[in-house]
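Here is the structure we will look at, set down as structure tokens.
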Amino acid sequence: MITVDEAKRNLARHAVKLSCKKVPLLEAVNCIIAEEVKAPYAQPRAHNSSMDGIAVNYSSIESGLRSFQIIGEQRAGHPPLKLKNTEECFQIYTGGLIPQGCQCVIPVEDIDIKDGKACVKAEISFKKWQFVRKEGQDYKEGDILIHVGERITPLKVSLLAALGVAEVNVVSSPRIAVISTGDELVEIDQPCEQHQVRLSNAYTILAILKQFSFSSVNRFHVKDDKTEIVRLLNNTISRHDLIITIGGVSMGKFDFIPDVLKESGFETVFHKIKERPGKPLLFANSPTGKSFFGLPGNPVSSQLCTYHYIVPFLQRSAGQKPLLPEYAVLKENYIKEAPLTYFLPVKIVSDKGTVRAAFVKYSGSGDYLAMAKSDGYVELSIERQEFKKDDVVPFYRWGVN
Ligand code: AMP
Ligand code: MG
């Protein structure tokens, strides 16, 4: 059995091979970008006005001139005009290019216009380049604006649109097979007898993968029958890059996954982690180099392991930087029963800028209600048994990346 940190280090040495595809800009939202984006030109491309007002020559206003003959209009979307006489000015509007010969914008609030002249109000003071958005102040030509592996958020769509990127090269979702196992499981739209369980986990895993835009997923179910499991594994492996099974990975008589993998020539990288929940997690590689996760069947275990291991594994494969935890201050004491890393669902209470974590009432790894009500989970290190109120611990928010 290995520790949580060892499991993470092991996983960091493996990856799923992913391909790229070009998609229209809006389809790229939430996807991971596969090539860097460079600025084709500076932003702003040329000096322009951030206010409506007049554009004047700075040296004339500095030397005391307060009244300027208006000789024209510099509107947004028009090429720059040229100021030849420093006693004259142009009316200018937000976004209008600064006319040649001007270095200062006086906003409309600070002037009176009468008989074709703009008179600057008495109490106003000036700075060179005031209310001018200067060429290249945001970025320069050739700057790298988006790096490989970054997720495309709506605000990055704004950047890409401004750069004229109508199609984006994004990482394709790997082809993932999610296989639930268990005689007791029934489909979610079927009647469920007292002795049966709805196979909710399969939906959870699909939902989490979808949340991170890994959406090329096929779902399968198999009974606790070794021959059937082998058959399904052989059928799915060639058509998928990653196989995730749910259940059948612990110590029970009908937990066939570890044996099936061994007999099918898989190389088990790790099986069992010193953690609660999620202890039986298994990671392996197929003889053809495909990746395999065996999730424990308990709902909380499989949810937790998917967020904590599978999502970061896929993100790293896609070139994304691994997720770093936030930190939270515990609201209560906690004493562990076993020398394991504990992951516990919490509700976050923001207290004047301090993130405080309150444990959600939680009965164990079958308690999916507690998970649905939580904001994320805290990690209580294997090193310590007792945690005190006000201790600061790593905190992972569901779905943040
Ligand atoms: P296992 O790891 O197969 O021993 O399963 C542990 C527990 O999780 C059992 O109570 C199973 O009924 C339950 N379980 C396994 N797979 C699922 C699933 N897909 N959805 C909901 N519960 C499941
Ligand atoms: Mg089972």
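The values are calculated or read from the model by the stated rules, or taken from the named source; none is laboratory data. It should be emphasised that the depicted structure is a prediction, and the values quoted were computed from it without experimental measurement. Reconstructed Cβ throughout: ideal geometry from the backbone, glycine too, with neighbour counts over all protein chains shown. Just the protein is used for accessible areas: all its heavy atoms, side chains included, with ligands, DNA and RNA removed. Shrake-Rupley method; radii C 1.70, N 1.55, O 1.52, S 1.80 Å.
Out of the total accessible area of segment 48-133 (probe 1.4 Å, heavy atoms of protein only), what percent is carbon and sulfur?
Values: 2220 of 4590 Å².
In segment 48-133, the share of accessible area belonging to carbon and sulfur is 48 percent.
Among the listed pairs Lys352/Lys373; Lys8/Lys253; Lys253/Lys279, a Cα-Cα separation exceeding 25 Å is found for Lys8/Lys253.
Which residue fluctuates most in the GNM of the chain (Cα springs below 10 Å): Tyr307, Tyr334, Tyr377? Fluctuation is largest for Tyr334.
Springs join every pair of Cα atoms under 10 Å in this Gaussian network model of the chain, and among Ile188, Ile310, Ile208 the largest mean-square fluctuation is at Ile188. Using θ = phi - 60° in the Karplus curve 6.51 cos²θ - 1.76 cosθ + 1.60, the 3J(HN,Hα) couplings for segment 315-321 round to 5, 5, 4, 7, x, 7, 6 Hz; x is entered for Gly and Pro.
Over segment 1-114, all Cα pairs binned in 5 Å intervals from 0 give whole-percent P(r) values of 2, 10, 15, 13, 9, 6, 6, 5, 6, 5, 6, 5, 5, 4, 2, 1, 0, listed from short to long. Size descriptors for segment 97-179, from the alpha-carbon set: Rg then Dmax equal 23.1, 81 Å. Per residue, segment 1-99 exposes an accessible area of 54 Å² to a 1.4 Å probe, with every protein chain left in place. Annotation: amide H-H contacts under 5 Å for Arg175 (H modelled 1.01 Å from N, sequence separation of 5 or more, or interchain): Asp241, Leu242. Its alpha carbons considered, segment 159-200 gives a radius of gyration followed by a Dmax of 21.1, 59 Å. Shape descriptor for segment 48-133: Rg over Rh equals 0.91 (Cα atoms; Rh from the Kirkwood inverse mean 1/r). Accessible surface ranking for His147, His271, His240, 1.4 angstrom probe, highest first: His147, His271, His240.
Return the Rg/Rh value of segment 318-364, two decimal places, where both radii are evaluated on C-alpha atoms and Rh is the Kirkwood radius. Don't skip to the end; give the middle numbers.
Values: Rg = 13.7 Å, Rh = 13.0 Å.
With Rg and the Kirkwood Rh in hand, the quotient comes to 1.06.
Give the Debye-formula value of log10 I(q)/I(0) at each listed q (0.09, 0.11, 0.16 Å⁻¹), with one equal scatterer per alpha carbon of segment 247-401, two decimals each. Scattering profile of segment 247-401, log10 relative to I(0): -0.33, -0.48, -0.94.
Here the accessible area of segment 165-307 is 49 percent carbon and sulfur, with a 1.4 angstrom probe and all protein chains present.
If r is the Cβ-Cβ distance from Ile188 to Asn235 and R0 is 25 Å, what FRET efficiency results, to the nearest 0.05? Before the final figure, lay out the partial values.
Numbers: r = 23 Å, r/R0 = 0.94.
E between Ile188 and Asn235, to the nearest 0.05, is 0.60.
Computed over the Cα atoms of segment 158-259, what is the ratio Rg over Rh, Rh following Kirkwood?
On the way: Rg = 17.8 Å, Rh = 15.7 Å.
Rg/Rh for segment 158-259 comes to 1.14.
For segment 327-397, a Kirkwood radius taken over Cα pairs fed into Stokes-Einstein (20 °C, viscosity 1.002 mPa s) yields D = 176 µm²/s. Using the Cα coordinates of segment 231-306, the gyration tensor eigenvalues translate into equivalent-ellipsoid semi-axes of 20, 13, 11 Å, sorted from longest to shortest.
Using a 1.4 angstrom probe with every protein chain in place, what is the largest-first accessible-area order of Arg151, Arg356, Arg231, Arg219? Don't skip to the end; give the middle numbers.
Values: Arg151 25, Arg356 55, Arg231 130, Arg219 80 Å².
Solvent-accessible surface, decreasing: Arg231, Arg219, Arg356, Arg151.
Simple point charges give the picture: +1 on the Cβ of Lys and Arg, -1 on the Cβ of Asp and Glu, and for the chain a dipole about the Cα centre of about 440 debye.
For GluC sites (Glu not before Pro), the sites in segment 295-382 that DSSP calls loop and that have at most 16 other Cβ atoms within 10 Å are Glu332, Glu337. For a quick check of understanding: with a 1.4 angstrom probe and all protein chains in place, what accessible area in square angstrom does Tyr368 have, to the nearest ten? It works out to around 140 Å². Among Thr288, Thr268, Thr153, the largest mean-square fluctuation in a Gaussian network model of the chain (Cα springs under 10 Å) belongs to Thr288. For the chain, the equivalent ellipsoid built from the Cα gyration tensor has semi-axes of 61, 26, 17 Å, listed from largest to smallest.
Sorted largest first, the principal axis extents computed over the alpha-carbon atoms of segment 38-91 equal 44, 21, 20 Å.
Treat every Asp and Glu Cβ in segment 48-133 as -1 and every Lys and Arg Cβ as +1, leave all other atoms uncharged, and give the resulting dipole magnitude about the Cα centre to the nearest 20 debye. Walk me through the numbers on the way to the answer.
Details: 10 positive and 10 negative charges, 54 e Å.
Magnitude of the dipole: close to 260 debye.
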